[in-house]
Structure formats: C-alpha cells, structure tokens
1. Pick out the one residue from Glu13, Glu18 that is farther than 28 Å from Arg173 by Cβ, surrounded by 13 or more Cβ atoms within 10 Å (Cβ to Cβ) and either modelled with pLDDT under 90 or acidic (Asp, Glu) (or both).
2. From (1) surrounded by fewer than 16 Cβ atoms within 10 Å (Cβ to Cβ); (2) part of a helix (DSSP H, G or I), pick out the condition that doesn't hold for Leu157.
3. Taking segment 121-176 only, how many residues are free of Cβ contacts under 8 Å to residues at least 24 places away in the same chain and of a type in the set (Gly, Ala, Ser)?
4. Within segment 13-33, identify whether any single residue is touching a Phe, Trp or Tyr at 6+ places or on another chain (Cβ under 9 Å) and over 15 Å from Leu102 (Cα atoms), and answer yes or no.
5. Looking only at residues in segment 226-248 that are at pLDDT below 85 and surrounded by fewer than 16 Cβ atoms within 10 Å (Cβ to Cβ), which one is nearest to Leu171 (Cα to Cα)?
6. Say whether the condition of being at positive phi and not in a helix (DSSP H, G or I) is met by at least one residue in segment 2-9.
7. If you check every pair at least six apart or on different chains, which have Cβ atoms under 6 Å apart with a residue in segment 54-68 that is in the same structural domain as Gly106 (by TED's automatic domain parsing) first and a residue that is at pLDDT 90 or above and not in a helix (DSSP H, G or I) second?
8. Return the pair list, or none, for Cβ contacts closer than 7 Å from residues in segment 235-248 that are in contact (Cβ under 8 Å) with a residue 40 or more places away in the chain to residues that are assigned to a helix (DSSP H, G or I) and of a type in the set (Ser, Thr, Tyr), at least 6 apart or on different chains.
Amino acid sequence: MSTPHDSYAAMLEQLRQEFVQDLPDRLEQMESMALQLEQNPEDARSFEELYRQVHSLKGVGGTLGIPHITTTCHQWEGLLQEDSAHQQSTFVDLALKYIDVLARIGQVVQEGSGDFQLCEEELDKLRRYHLQERYAVLIAESSRMMKSLFQITLQDLPLHLTVVDSGLEALERLVHNRYHLAVLGGELKELNGTAVAAALRTSTGRNRDIPLVLVTSSEPRIPDVTIEHVLKRDKALADNLKTLMPKLLR
C-alpha cells in the first residue's frame, strides 16, 4: 500500500523527468541569447533575459532536488554578475560550455545513472579557467559603503570577488560554489556573520575549512567556531584588511 510519501516521491520524479525532457529546448533558447550577445554585446535586453533564465533554472534545480543544476547555475550566475561580463571576448565560449554541462546533467538525470563525475570535472575546469590566477573570495556585507570600501581596498590584489548583502545568500553561495576565503560582516541581514561561520563549519561542504574573516563594529560573541581573524570596523580597517589578505591566501 502506497503512503503519502511514496506518492510525493513519484510525483517529484515525474516532474524531474518532464523537466529534463524540456531542458534541451530551454538550453537552445539560452544558446541563441548568448550568440545574439556575441553579435551585439550592447544588447542589454538579451543579457537580462539570459541572466533571468539562468537564475530561474537554478531555482527549478533546487525545487526538484537536482543540486548539480543549481550548482552549475550558481557558478554561471556569478560570471554574469561581473561588470561588463557579456562584453568580454570569452563570454560566448564560456556560456556555451556552461550550456553543455547543463545538457550533460540533464542526460544523467534522465538515464538515472547518478554518475555526475564528468559534469563535476567540467564545472571545476570552467571555474579554474574563469578565475585563472585569481583567488575566489566571498564578501558578505549589508552596508553599501562597506562593500565599496572592500572592493576599493582589494582591487589591486589577484582576487575574484563575489559580493552579497545577506547572510542567507552568503551561506547559500558557500554551500554551492568554491571559495578560497570569505569575509563576513558581523551585522549581516537575515543571518549574521558568526551564524554563517557556525553553519559553514558544521557543514560537509567543500568550503567548510576555508579561512574566515569577521568584520564587526562590536565585540563579537563567538561560540566554539573557528574564525581565523576578527577585524574591527574602524579607520584602520582598510589597511588591516589589505595587509591580512595575502597572508591568508598563501
């Protein structure tokens, strides 16, 4: 006799199969948008639509329990969020490679083999190609002024910065994307920096052991959580951060 759980699992599997059957058409549309941007890099409408499609696909992957779709779209979304990303010479080549990875993930899901190793290897190659010689650093800060300070202070270092303004988004990215280091504001929206650090350290994700820097204007109450450095949000912050970063990334 089937249970409500069995019925839900069967329905979810049916939705997954419908999703992967429709995925090639969706990816074909995204490829057309990327090629349109190759012809006209100033086409803001095509770029915004491509970004919307990637973001939507990321959400569907999470809803249907296909984490490899979500992780791939997270990584691609980070590339799209860079200034003038669609005007760079490598934009279309990278876009087509991400589309290929998504297509391969769809095939694995449809076949039911569960073997995503090749997909993971290709995604890691894309990440390393994108970063080149730069270190991937996550900046989580709710203050617009502080975000600008971080970006200006670190702009001359070989870093690829991803900047978010809430603790929940920071934790989500730390779960799905690879980083070498994270700088967390102590007074983040939704989830403060200490809570993000605690959740990350107790996770089984790839970033659980990366160095963490907490930036706070008050004396932090840090539980039994490893946070490598705590910096005071004061006039010396920019100098202290610029001095500290190279040491942590050796």
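The values are calculated or read from the model by the stated rules, or taken from the named source; none is laboratory data. Quantities reported herein were computed from a predicted structural model and do not represent experimental measurements. Ideal geometry is used to build each Cβ from the backbone, glycine not excepted, and the neighbour counts take in all protein chains shown.
1. None of the other options fit; the residue is Glu13.
2. So the condition that Leu157 fails would be (2).
3. Total satisfying the criteria: 1.
4. Yes, segment 13-33 contains at least one residue that is touching a Phe, Trp or Tyr at 6+ places or on another chain (Cβ under 9 Å) and over 15 Å from Leu102 (Cα atoms).
5. Thr226
6. no
7. These pairs meet every condition: His68/Phe116.
8. From segment 235-248, the pairs are Ala238/Thr153; Leu241/Thr153; Lys242/Thr153.
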